[in-house]
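In what follows, a structure is listed as structure tokens, so that the remarks can point back to it.
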Amino acid sequence: MPGPVPDPRPDTDVRTVSRPRRRPHPRTDTDTDHAAGPHKDPDAGPTPTVVSVILVVVILGFSVEPGVLLPRPAAVPMLLLQLVTCLPSMRRLRGAWTLAVQILLAPWSGLPGFLGASVLLVVERPVRWILFTVVVLAAGVLAPGDGGAHSVLNGIGNALAHGLILYALTRLADLYTELRATRGALVEARVAAERERVGRSLDAVLGTALAEIIRLAGQGTEAARELVEVARTATERVRAAPPAQSADGADIPSAALTPRMVWPIVVATHLEYLVVGTAFLLGTGVAGGRVVVYVAALTVVVGLQAYHSLPRPPGVRPPYAVWTLGAQLTLALGVLVAPDGPYPQLVAFATASVLIVLPGRVAWPTAGALTALAAIAMLVRTDGPMAGGTALLLLDIVVIASVFYGLALLTALVHEVREARAALAALAVARERRRIARDVHDLLGYGLSAIALRGELAVRDRERAAAHLADAAALADRALAELRAIPGDGPDLTLAGEVASAREVLTAAGVAVRVRGEADAAHGVSDALFATVLREAVTNVLRHAAGARRCEVTFGPGLLRVADDGGVLPVRAQATGAEAGAGGAGGNGLRNLRERVAALGGALEAGPAAHGRGYVLTVRLESAGSLRAASSG
């Protein structure tokens with residue numbers, strides 16, 4: 001809210017300084033800065049519930065043991081504890097007790113990857129990576145099967161992949177939730193930093209000028225002309241363009257939670273699938289050139305999947321995606337019909353790439369078609385599995401596709417919400433910068449114009465020069481207090497104080513003031529707005545109304561009208577009409593007032609008087625009910 005001016009009664013010394021009272025500014029929706037750019041509200045994206053669903057689907061998929069239709073009894077509590085450990089809504093419950101119970105269940109649950117993920121999420125660094133390695137190696141010893149190379153590698157690979165992927169998904173989900181929850185904190189931090197920066201800048205420029213004015217006022221009549229020059233120069237600075245923009249601050253969340261951690265996990269898990277798949281092919285007895293071709297196909301498909309899964313900003317497709325996705329689909333589907341071809345998990349990788357690369361309206365039908373083709377190919381093969389085995393393989397396809405799609409989706413969501421937070425913070429900083437520039441213009445311009453007037457009076461009126469200079473010093477001290485309050489919540493104006501101050505300042509300038517109506521009729525937001533408008537109107541009379549002898553201030557229900565009989569100079573004419581609304585030359589003051597009035601549903605009119613000499617500024621507000629609604633908003 002605009003800054004305070006003393007309310008000198010007839011028996012009150014003008015040099016009495018009233019300290020600014022602090023209360024929130026009436027803000028306007030027009031305080032925007034297009035330089036902040038378009039922004040997305042984080043609430044417009046997927047909710048944390050959607051993020052949790054991704055985690056639940058992946059955890060349920062990983063809980064299905066390869067080749068086993070029903071889970072082991074110990075797998076059920078292991079699954080429930082993993083949900084407690086991974087879901088953002090339950091993470092406050094995870095801790096040493098959940099990890100201890102999972103350690104006891106791990107040998108009988110067939111889900112060592114769950115224990116690995118919990119170790120990474122619960123245990124502190126660097127011990128957690130050592131324990132994770134122990135869990136992964138132990139999974140190879142406990143793996144079901146004949147104890148051959150493939151079963152051991154499969155056990156190690158599953159524990160490694162499951163643990164890393166669940167860790168990555170959980171950390172991304174935590175980050176997504178934290179980013180959404182702290183977007184307000186980031187806005188406040190950026191605005192506070194901007195206020196501090198602007199405060200230093202204002203104090204260095206205008207604070208120095210006001211301190212110089214106070215010093216010159218104490219030197220007597222000899223320094224009066226220099227005082228006027230300093231005040232005029234400071235006034236021009238105040239009424240110039242808004243202050244320069246500052247660089248935005250750094251983001252809040254810890255670097256340990258950045259999506260960059262996804263890159264090594266994507267590479268490691270794909271290498272694991274490649275190693276296990278190669279071991280499987282070598283163990284099937286396929287000989288000759290076919291095994292070389294199959295391993296090459298497996299390598300290319302898994303490599304392309306890793307390429308498609310690498311973290312990228314939202315909406316950015318991998319370069320040459322049409323060619324890489326086409327090659328991956330061709331190889332993955334081709335091996336389904338090849339003699340003794342690799343297992344159909346290659347289709348799972350291709351399906352994940354489809355979901356990551358293609359638009360949603362195309363991706364999901366295509367993914368369903370690929371899964372159906374894999375089922376048909378396995379069922380029609382004479383050497384293919386029976387219906388139960390086919391169902392398990394299809395489940396494996398769905399799980400693998402869901403895992404890597406979920407990883408890519410959560411990474412993209414984190415990017416989106418981080419960008420949205422940054423955009424909201426930039427917009428808030430732009431609004432605050434605009435608000436400060438407007439308040440500096442509207443509040444300090446008046447004080448500096450009044451100071452210059454007192455200095456000029458001291459030059460002309462030698463007998464009362466000391467009193468005029470004392471008044472100038474008091475005004476400078478008051479303006480300094482307002483200057484230091486502006487970067488915060490801002491100083492406060494009262495309408496009664498502005499009416500009294502207008503009488504005093506204009507009378508000193510030789511302008512007779514007449515007040516019609518009762519200023520007490522305005523309350524709340526309208527009181528502050530009318531005080532600001534009156535201050536700007538008086539400033540314009542002091543600066544632009546050459547030859548003015550009368551100024552009339554009229555109050556009515558939702559009405560303020562200020563009229564003077566001064567000449568309409570070109571600079572005043574430029575501040576009217578569309579140019580003022582657009583911030584044209586000479587229109588900063590009226591543009592600011594239009595924004596303030598429009599925010600309360602009112603209208604401001606300014607222009608030459610009907611009889612051809614003088615200037616009239618009129619503000620009309622809506623009903624008191626509308627004002628109360630605007631105030632509460």
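Against the condition under 27 Å from A519 (Cβ atoms), at pLDDT 85 or above and assigned to a helix (DSSP H, G or I), how does R503 come out, does it pass? Spell out how you get there, then give the answer.
On the way: under 27 Å from A519 (Cβ atoms): yes; at pLDDT 85 or above: yes; assigned to a helix (DSSP H, G or I): yes.
Yes; evaluated as a whole, the condition is true for this residue.
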### Summary
Screening A466, A452 for residues that are of a type in the set (G, A, S), surrounded by fewer than 20 Cβ atoms within 10 Å (Cβ to Cβ) and assigned to a helix (DSSP H, G or I) leaves only A466
#### Entry: Residue, farthest from the chain's Cα centre (by Cα), within segment 587-633, restricted to residues that are modelled with pLDDT under 75 and among the hydrophobic types (A, V, I, L, M, F, W, C)
A624
### Message
Looking only at residues that are among the small types (G, A, S) and buried (at least 17 other Cβ atoms within 10 Å of the Cβ) in segment 550-581, which one is modelled with the highest pLDDT?
### Response
A563
### Summary
Of the listed residues (A374, A367), the one being crowded, with 21+ Cβ neighbours inside 10 Å, over 40 Å from the mean Cα position of the chain (by Cα) and in a helix (DSSP H, G or I) is A374
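Can you tell me which of G547, G584 is part of a loop (DSSP other than H, G, I, E, B), surrounded by fewer than 23 Cβ atoms within 10 Å (Cβ to Cβ) and either modelled with pLDDT of 70 or more or in contact with a Phe, Trp or Tyr (Cβ under 8 Å, 6 or more places away or on another chain) (or both)? Quick ask: steps written out before the conclusion?
On the way: G584 fails: either modelled with pLDDT of 70 or more or in contact with a Phe, Trp or Tyr (Cβ under 8 Å, 6 or more places away or on another chain) (or both).
G547 is the lone residue from the list that is part of a loop (DSSP other than H, G, I, E, B), surrounded by fewer than 23 Cβ atoms within 10 Å (Cβ to Cβ) and either modelled with pLDDT of 70 or more or in contact with a Phe, Trp or Tyr (Cβ under 8 Å, 6 or more places away or on another chain) (or both).
Where in segment 249-347 are there helices (runs of 4 or more DSSP H), lying fully within it, with 1 or more residues that are more than 30 Å from A193 (Cα to Cα), among the β-branched types (V, I, T) and at pLDDT 85 or above? So that I can check it myself, show each step before the final result.
Working: elements: 262-283, 289-309, 321-334.
In segment 249-347, the matching helices (runs of 4 or more DSSP H) lie at 289-309, 321-334.
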### Message
Could you go through segment 143-163 and let me know if any residue there is within 36 Å of the chain's Cα centre (by Cα) and surrounded by fewer than 24 Cβ atoms within 10 Å (Cβ to Cβ).
### Response
no
### Task
Would you mind finding the one in S89, S109 that is surrounded by fewer than 19 Cβ atoms within 10 Å (Cβ to Cβ) and among the polar types (S, T, N, Q)?
S89
#### Entry: In segment 517-532, residue modelled with the lowest pLDDT [restricted to those that are closer than 14 Å to E498 by Cα, hydrophobic (A, V, I, L, M, F, W, C) and part of a helix (DSSP H, G or I)]
A519
### Task
Scan segment 287-308 for residues that are over 24 Å from F132 (Cβ atoms), buried (at least 18 other Cβ atoms within 10 Å of the Cβ) and of a type outside the set (S, T, Y) and jot them down.
A297, L298, V301, L304, H308
### Query
Could you say which residue among I400, I451, I436, I486 is within 17 Å of V230 (Cβ to Cβ) and among the β-branched types (V, I, T)?
I451
### Task
Output the residues belonging to segment 394-412 that are more than 13 Å from V354 (Cα to Cα), under 23 Å from the mean Cα position of the chain (by Cα) and at pLDDT 80 or above.
none
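For segment 92-104, name all the residues that are part of a helix (DSSP H, G or I) and surrounded by fewer than 22 Cβ atoms within 10 Å (Cβ to Cβ).
Correct list: R92, L93, A96, W97, T98, L99, A100, V101, I103, L104.
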### Message
If I filter segment 119-135 down to residues being without any contact (Cβ under 8 Å) to a residue 40 or more places away in the chain and closer than 23 Å to G406 by Cα, which single residue comes out as nearest to the chain's Cα centre (by Cα)?
### Response
V122
### Summary
If we keep only residues of segment 177-221 that are under 30 Å from I54 (Cβ atoms) and basic (K, R), then the residue farthest from the chain's Cα centre (by Cα) is R180
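The values are calculated or read from the model by the stated rules, or taken from the named source; none is laboratory data. Quantities reported herein were computed from a predicted structural model and do not represent experimental measurements. Backbone-built Cβ (ideal geometry, glycine too); neighbour counts: all protein chains shown.
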